Amino acid sequence: MYLRIAAQYVLVLIVTLSINFALPRIAPGSPLLYLVGEDVATMTQAEQDQVLREFKLDRPIVEQFVNYAVGIVQGDLGVSVRYGMPVWDVLLDHLPWTLLLMGTSLLLSASAGTVIGVFAAWKQGGKHDIGALTLVLFLGSIPPFWVAMLLITFFSAQLGWLPSYGAYAIGVASGTPEYYVEVVRRMIMPISALALVNTGNMFLTARSSMAMALEEDYIMLAHAKGLRELTVVFKHGFRNALLPIYTNVMVSMGHLIGGAMVIETVFSYPGLGSTIYDSVLARDYNLLQGAFLLVTISVLAANFIADMGYPLLDPRVRRPGVSA
Amino acid sequence: MMFRRISAMLVVALLGISIIAACGGAPSESDVGETTAPEAAASGQEAPTDAPAAARDTDDTQGPQTASKLTIGIWNTAGNITTYTIGNSWNDWVLWLSFDKLVEPSPYVSEAEYWLAESIEQISDDGRTWEIKLRDGVTWHDGTPLTAEDVAFTFVYYREGPANRWTHHCSAVPRMEEVEVIDPLTVRVTSAKPMPNFDKVTAADLPIIQKAQWEDVEEPRQFTDIAIGTGPYRMVEYKADEFYRFEANENYFKGKPLVDELTLVMIKDPQTMFTALKSGEIDGAARSLPPELLAEWANDPDIKIMHAPTLWGVWLDVNLGREPFNLREMRQAVSVAVNPDPMLENIMLNEGQSGLQGWPHPDSQWTKPDLEQPYDQAKAIELLDELGYVDSDGDGLRDTPAGEPIDWNIKVASNQPLYIRAAEMIVKQLAEIGLQSHVETLDPAAFSSLWTSGDYDLRVMEITPHGIADQDMLIILYKGDNNRALEPDPEKDAIVARWFEAATVEARLEVSYELQELNNLYPNRRMLWYPDGIFAYRWQAYDNYQPSSGYGIYHKYSFLPNESRGLTVSNVEE
């Protein structure tokens, strides 16, 4: 069975990598236009080819694909058109900031969404449930960039408490306490914006799965046995409601590497999200391929971990013929 | 009960976050303004005060004329800031912090100063051979002297190496045939055809690069070292997409710059950049203030606003490579059917100049005086009728002479809301004379691809000073137009051929005027407006900016000693 699963993952990886190669090239535009801009209109074909040759983009498409595939095996993702640097260096520069930003916001939104969702389901139909549902749906429906702009306007422009851009203070030595304080201060607004908006998704999953679990017969039995309310809710209800929440968190983890394009752009946060966005605009094929490779691997890895985790969370999954 | 506890915990958590935020104090960059003001006072300069806006407008209040450190927001990354990474952008002034030209400030102005050159002389009557005598004692940032070898190398590297925004000055217009080093400070250059504008255009636009650093660089766009220049600032650190740090070049031949350290931070989102300026996180925003913010910002006591000529333009491009725009009368009809003035009024709130003044930029030294691209709806109707573009099926809309309906696309980049609005107004104006059209928005990269695909009827876009205020570039643009045109234009070809043979500045200018007249009569560039540059800065941090045509107020001349600025700057207009 494990061999079959591994083969499936390898197949998905190969297909996805091929799509990653093709997708940026299908879109209209070319790195040449980013590199030379409107001057392309006045350049000769030889001059245009010379510019593309620097990045081996003048080669036939099949040769480019072979180079790409061989490069992946060798760990060489080529050179970014936009940065003029090896793609790995660019990715490794931006990845930590994305993990910090997205990881923290996922932790916050998953925790808050789950806790509020579970309690809302517990008190389903009550004023707290309706209040929480209204609030969370309202927050979840607000575009993240708008939340971000409101936060910047209030906390940066009006109060002057928080810096509005960047991930760290330029000129402050890395590793010093002041550096870390500045990193934390610059995380607060982007993480708040992301967490506020994403909590809704986690909340709805937690609330619905918990509400369904609380209507099961075994909950009635537990009540009939005279168990304490908290024991019924958390030991019997929450544990059985956990699987969809876990799935939701793992799916979000898979997408974590992709970053938060809009939020990172608004806050000039140097994560992978804004880098991918800028690379799309520049048609930076090599960097896009590299970034998509990371995203692909992280999604597959998260799925794999999720698959492995199900049997631990739900013994029924271990039994043949029973699905969660 | 449990809910109350959770609510209370959330409130406490929010308060905690607020306290942490508040305890951190203002960001370090905002300290700049507070520390530089006392320094100014200590040096005998007038101390800044919190004067009301009205007082500032009359310049009663002057902030510090020097600063130890400034932080300025930029919005467009350019790798390590070399001639191969920066291209055409609002940020090209960043390149000039580190690099110099033989003549400055630019090819756009009528009066310029010898900079790296001590003199540039035409030594042949046919205008083909020039001799450049370099200023003695100029050094690169690594301490080595600037020599004629560097200048000769620059010319040859740009002529032979990979193309960039500047290389046409050596490889095409003009095409340099021979470059000779006469002595350590003298270079002689000979071109294939006359180059009477050499000292006014080529020398005033071409950055000189160091031979020692570049001679072995074969892939300049993958060269990521810090570039060595001769300019007033030396880059000491950069992280593309994040920041650039420059230190003053104490040995600069025009005197030590007035600001010791410049930090340029990348803030891509315009609203975030202006918020950062408002809150004091940055001291200047190197992008033009949107006109709608002008009134509000004018009342901010911490901010000064300066108008400065940027020499940019916004135009409607009529596709020469597609029917029916290959017909010159059709181009004329489209041009006179479009009225730019309502766009200037409604979109730019009159913060700019009207496109009725034609192409190229009316403030360029090379533009024919009194040039115009008129608005004349009656003439448009007359031309369309003559061309046979009439309403043949009675639906109120004009059709082609073959009776086919017309629905031209007007393509715009999706990240340009002002241009989308302009395109919508053009649709209405064309509809008034029975021409149907519609707006199509494309992502910026797809929009750029129109340069090579030619898949558009009309498009609204902007053009930089390089393309709109430089005489030689007008010829380069003509060559580009020719590449795309559906059919040749013998009249224009003849004018350009005469331009290439003209051996004096005056003769070239005269021929250039002819080309401009013809281009404005049958334009494929219908100018819409020329935006004013409106720049905001925190005057208590530094208050010694001056406008320079084509660069706004953020450029190296604003940081040079006042006595060294000379003709590179113009008077302040507030």
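Quick notes
- Total residues in region B:180-213, condition closer than 25 Å to B:Thr139 by Cβ and touching an Asp or Glu at 6+ places or on another chain (Cβ under 9 Å): 19
- Residue tally, condition farther than 26 Å from B:Ala295 by Cα, open to solvent by less than 20 Å² (accessible area, probe 1.4 Å) and not in a helix (DSSP H, G or I), over region B:332-356: 1
- Test: B:Asp199 is under 24 Å from B:Glu250 (Cβ atoms) and open to solvent by 10 Å² or more (accessible area, probe 1.4 Å): no
The rows are residues; the columns are (1) of a type in the set (Phe, Trp, Tyr); (2) at pLDDT below 90; (3) under 23 Å from the mean Cα position of the chain (by Cα); (4) in a helix (DSSP H, G or I).
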| site | (1), (2), (3), (4) |
| --- | --- |
| A:Leu162 | no, no, no, no |
| A:Gly166 | no, no, yes, no |
| A:Gly175 | no, yes, no, no |
| A:Tyr179 | yes, no, no, yes |
| A:Glu182 | no, no, no, yes |
| A:Val197 | no, yes, yes, yes |
| A:Phe203 | yes, no, yes, yes |
| A:Ala213 | no, yes, no, yes |
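- Hits in region B:84-105 - residues which are at pLDDT below 90 and either polar (S, T, N, Q) or not in a loop (DSSP other than H, G, I, E, B) (or both): B:Thr85, B:Asn88, B:Ser89, B:Asn91, B:Asp92
- For the criterion of being assigned to a helix (DSSP H, G or I) and touching a residue at least 40 places away in the same chain (Cβ under 8 Å), A:Leu92 fails.
- Counting only residues that are buried (at least 17 other Cβ atoms within 10 Å of the Cβ), within 14 Å of chain B (Cβ to nearest Cβ) and part of a helix (DSSP H, G or I), region A:1-36 holds 7 of them.
- Residue match in region B:279-292 (condition: farther than 30 Å from B:Pro561 by Cβ, touching a helix residue (DSSP H, G or I) at 6+ places or on another chain (Cβ under 7 Å), open to solvent by 30 Å² or more (accessible area, probe 1.4 Å) and within 8 Å of chain A (Cβ to nearest Cβ)): yes
- For B:Pro184, the requirement of being under 30 Å from A:Leu32 (Cα atoms) and away from every other protein chain (no Cβ under 14 Å) is not met.
- Considering region B:107-136, and only residues there that are in a strand (DSSP E or B) and acidic (Asp, Glu), the residue that is nearest to the chain's Cα centre (by Cα) turns out to be B:Glu113.
- Condition met for B:Ala446 (at pLDDT 90 or above and either closer than 29 Å to B:Tyr513 by Cα or open to solvent by 70 Å² or more (accessible area, probe 1.4 Å) (or both)): no
- When B:Pro220, B:Pro207, B:Pro196 are checked against the criterion of being closer than 26 Å to B:Gly480 by Cα and in contact with a Leu (Cβ under 7 Å, 6 or more places away or on another chain), a single residue qualifies: B:Pro207.
Conditions (1) at the interface with another protein chain (Cβ under 9 Å from one of its Cβ atoms); (2) at pLDDT 90 or above; (3) surrounded by fewer than 24 Cβ atoms within 10 Å (Cβ to Cβ); (4) not in a loop (DSSP other than H, G, I, E, B), marked per residue:
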residue: A:Glu264; (1), (2), (3), (4): no, yes, no, yes
residue: A:Ser268; (1), (2), (3), (4): yes, yes, no, no
residue: A:Thr275; (1), (2), (3), (4): yes, yes, no, yes
residue: A:Leu281; (1), (2), (3), (4): yes, no, yes, yes
residue: A:Asn286; (1), (2), (3), (4): no, yes, no, yes
residue: A:Leu293; (1), (2), (3), (4): no, yes, yes, yes
residue: A:Thr296; (1), (2), (3), (4): no, no, yes, yes
residue: A:Val299; (1), (2), (3), (4): no, no, yes, yes
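- Whichever residue in region B:406-441 is in contact with a Lys or Arg (Cβ under 6 Å, 6 or more places away or on another chain) and within 14 Å of another protein chain (Cβ to nearest Cβ) and, among such residues, is least open to solvent (accessible area, probe 1.4 Å): B:Lys411
- Single unsatisfied condition, B:Arg135 versus (1) out of contact with any helix residue (DSSP H, G or I) (no Cβ under 7 Å at 6 or more places or on another chain); (2) under 15 Å from B:Leu206 (Cα atoms): (2)
- Single unsatisfied condition, B:Met235 versus (1) on the phi > 0 side of the Ramachandran plot; (2) over 20 Å from the mean Cα position of the chain (by Cα); (3) not acidic (Asp, Glu): (1)
- Qualifying residue in region B:238-245 (condition: in a loop (DSSP other than H, G, I, E, B), without any contact (Cβ under 8 Å) to a residue 60 or more places away in the chain and within 14 Å of chain A (Cβ to nearest Cβ)): yes
- Only a single criterion out of (1) more than 7 Å from chain B (Cβ to nearest Cβ); (2) touching a residue at least 24 places away in the same chain (Cβ under 8 Å) is not satisfied by A:Leu150, namely (2).
- Consider region B:536-553 and keep the residues that are at pLDDT 95 or above and of a type in the set (Phe, Trp, Tyr). The one that is farthest from B:Glu351 (Cα to Cα) is B:Tyr542.
Matching residues to (1) over 30 Å from B:Gly137 (Cα atoms); (2) open to solvent by less than 40 Å² (accessible area, probe 1.4 Å):
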{"site": "B:Arg234", "(1), (2)": "no, no"}
{"site": "B:Ala240", "(1), (2)": "yes, yes"}
{"site": "B:Tyr244", "(1), (2)": "no, yes"}
{"site": "B:Asn251", "(1), (2)": "no, no"}
{"site": "B:Leu262", "(1), (2)": "no, yes"}
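Residue-wise test of (1) in the same structural domain as B:Gly396 (by TED's automatic domain parsing); (2) within 23 Å of the chain's Cα centre (by Cα); (3) of a type outside the set (Gly, Ala, Ser).
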{"residue": "B:Leu450", "(1), (2), (3)": "yes, yes, yes"}
{"residue": "B:Gly454", "(1), (2), (3)": "yes, no, no"}
{"residue": "B:Leu474", "(1), (2), (3)": "yes, yes, yes"}
{"residue": "B:Asn482", "(1), (2), (3)": "yes, no, yes"}
{"residue": "B:Ala497", "(1), (2), (3)": "yes, no, no"}
{"residue": "B:Arg508", "(1), (2), (3)": "yes, no, yes"}
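- Members of region B:152-170 found to be under 21 Å from B:Phe500 (Cα atoms), aromatic (Phe, Trp, Tyr) and part of a helix (DSSP H, G or I), listed by number: B:Phe155, B:Tyr158
- Hits in region A:113-147 (condition: open to solvent by less than 30 Å² (accessible area, probe 1.4 Å) and within 11 Å of another protein chain (Cβ to nearest Cβ)): A:Val118, A:Phe119, A:Ala120, A:Gly126, A:Asp129, A:Ala132
- In this entry, B:Val173 is excluded by the filter for residues that are open to solvent by less than 20 Å² (accessible area, probe 1.4 Å), assigned to a strand (DSSP E or B) and either closer than 28 Å to A:Glu54 by Cβ or within 14 Å of another protein chain (Cβ to nearest Cβ) (or both).
- Residue list for region A:177-197, restricted to those being open to solvent by 30 Å² or more (accessible area, probe 1.4 Å) and closer than 20 Å to A:His128 by Cα: A:Leu196
- Condition met for B:Glu218 (more than 7 Å from chain A (Cβ to nearest Cβ), assigned to a loop (DSSP other than H, G, I, E, B) and surrounded by fewer than 23 Cβ atoms within 10 Å (Cβ to Cβ)): yes
- Among the residues of region B:177-193, the one identified as hydrophobic (A, V, I, L, M, F, W, C), closer than 25 Å to B:Ile475 by Cα, surrounded by fewer than 23 Cβ atoms within 10 Å (Cβ to Cβ) and at pLDDT 95 or above is B:Val179.
The values are calculated or read from the model by the stated rules, or taken from the named source; none is laboratory data. Worth saying up front: this structure is predicted, and the values here are computed from it rather than measured. For neighbour counting, all protein chains shown are included, and Cβ atoms are generated from backbone atoms with ideal geometry for every residue, glycine included. To get the accessible areas, we keep the full protein, side chains included, count just its heavy atoms, and leave off ligands, DNA and RNA. Shrake-Rupley method; radii C 1.70, N 1.55, O 1.52, S 1.80 Å.
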